[in-house]
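This report refers to the structure that appears directly beneath it.
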Amino acid sequence: MRILGIDPGTGITGWGIVDKDYNRLTVVDYGCIRTPANSLNQKRLCDIYDGLLLLLQEYQPDEMAIEELFYNRNTTTVISVGQARGVLILAAAQRGVPIFEYTPLQIKQAVTGYGKADKRQVQFMVKEMLRLAAVPKPDDAADALAVAVCHSNWQQANHWQGGQSNLV
């Protein structure tokens with residue numbers, strides 16, 4: 001199974017692709033979709049949408065996992081990230097890719113075993129779990145790989161326990 005993990009953002013959207021073969025995860029690729037800060041918002045959203053379409057076409061993931069929004073005092077940030085999430089979900093849904101959402105707490109719990117782990121702990125565990133030589137850069141790509149790892153763990157637990165779906 002091929003999983004595409006997404007860390008949504010307007011300026012930088014991190015992505016990470018892992019292949020799961022039983023309990024073994026292998027990194028296929030990772031990176032970011034970047035948009036210029038001085039671009040109009042609608043142009044940035046189009047760039048994010050088009051960038052994800054290219055990834056979906058190139059890597060053909062079986063499922064996509066995306067980080068849910070968390071509360072932020074800056075409502076402008078929440079709204080713009082929410083818009084980015086919307087176009088990402090739309091692109092995957094239009095291509096028939098099942099979409100799953102995870103909170104930051106769920107992602108940290110799945111990767112480190114501790115829901116309040118800091119960013120460095122999550123990145124270190126991503127490096128270790130995926131047998132990488134170094135922590136993926138930029139941070140957004142490492143975060144996206146963490147989302148993919150979280151989904152892999154959830155999918156395995158759900159398969160064995162018959163649990164509820166996080167499907168959008």
Exercise. So which residues in the range 11-35 are at pLDDT 95 or above, hydroxyl-bearing (S, T, Y) and part of a loop (DSSP other than H, G, I, E, B)?
Worked result: T35
For this session: Any chance you could count how many residues in the range 142-168 are part of a helix (DSSP H, G or I) and either of a type in the set (F, W, Y) or at pLDDT 50 or above (or both)?
Result: 18
Seminar exercise, completed: When every residue in the range 132-150 that is without any contact (Cβ under 8 Å) to a residue 60 or more places away in the chain and surrounded by fewer than 16 Cβ atoms within 10 Å (Cβ to Cβ) is compared, the one nearest to D21 (Cα to Cα) is A133
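Considering every residue within the range 112-124, establish whether at least one is of a type in the set (F, W, Y), at pLDDT below 95 and assigned to a helix (DSSP H, G or I).
Within the range 112-124, the subset of a type in the set (F, W, Y) is 114, 124.
Subset that is at pLDDT below 95: 114.
If we keep only those that are assigned to a helix (DSSP H, G or I) as well, we get none.
Looking through the range 112-124, none of the residues is of a type in the set (F, W, Y), at pLDDT below 95 and assigned to a helix (DSSP H, G or I).
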Exercise. Can you tell me which residues in the range 92-105 are touching a strand residue (DSSP E or B) at 6+ places or on another chain (Cβ under 9 Å) and not in a loop (DSSP other than H, G, I, E, B)?
Worked result: A92, A93, I99, F100, E101, Y102, P104
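State whether the residues of the range 47-58 include one that is touching a Lys or Arg at 6+ places or on another chain (Cβ under 6 Å), of a type in the set (A, V, I, L, M) and part of a helix (DSSP H, G or I). Give the derivation first.
In the first step, residues of the range 47-58 are kept if they are touching a Lys or Arg at 6+ places or on another chain (Cβ under 6 Å); the result is 56.
Then drop every residue that is not of a type in the set (A, V, I, L, M), which leaves 56.
Filter again for part of a helix (DSSP H, G or I), leaving 56.
The answer is yes, given that some residue of the range 47-58 is touching a Lys or Arg at 6+ places or on another chain (Cβ under 6 Å), of a type in the set (A, V, I, L, M) and part of a helix (DSSP H, G or I).
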Problem set entry | Residues located in the range 36-46, provided they are among the aliphatic types (A, V, I, L, M) and either part of a strand (DSSP E or B) or modelled with pLDDT of 95 or more (or both) | L40, L45
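What do you reckon, is A65 outside any helix (DSSP H, G or I) and surrounded by 11 or more Cβ atoms within 10 Å (Cβ to Cβ)?
Numbers: outside any helix (DSSP H, G or I): yes; surrounded by 11 or more Cβ atoms within 10 Å (Cβ to Cβ): yes.
It is true that A65 is outside any helix (DSSP H, G or I) and surrounded by 11 or more Cβ atoms within 10 Å (Cβ to Cβ).
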For this session: State yes or no: is E128 more than 15 Å from the chain's Cα centre (by Cα), under 23 Å from G11 (Cα atoms), part of a helix (DSSP H, G or I) and free of Cβ contacts under 8 Å to residues at least 60 places away in the same chain?
Result: no
For this session: Sort out which residues of the range 11-53 are surrounded by fewer than 22 Cβ atoms within 10 Å (Cβ to Cβ), under 16 Å from the mean Cα position of the chain (by Cα) and over 18 Å from R131 (Cα atoms), and write them in order of number.
Result: G11, I12, C32, R34, Y49, G51, L53
Problem set entry | Candidate set: the range 1-10, residues that are assigned to a strand (DSSP E or B) and not acidic (D, E); chosen: the one surrounded by the fewest Cβ atoms within 10 Å (Cβ to Cβ) | R2
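The values are calculated or read from the model by the stated rules, or taken from the named source; none is laboratory data. Being a predicted model, the structure only gives us computed values, none of them experimental. When we count neighbours, we look across all protein chains shown, and the Cβ atoms used for this are built from the backbone with ideal geometry, even at glycine.
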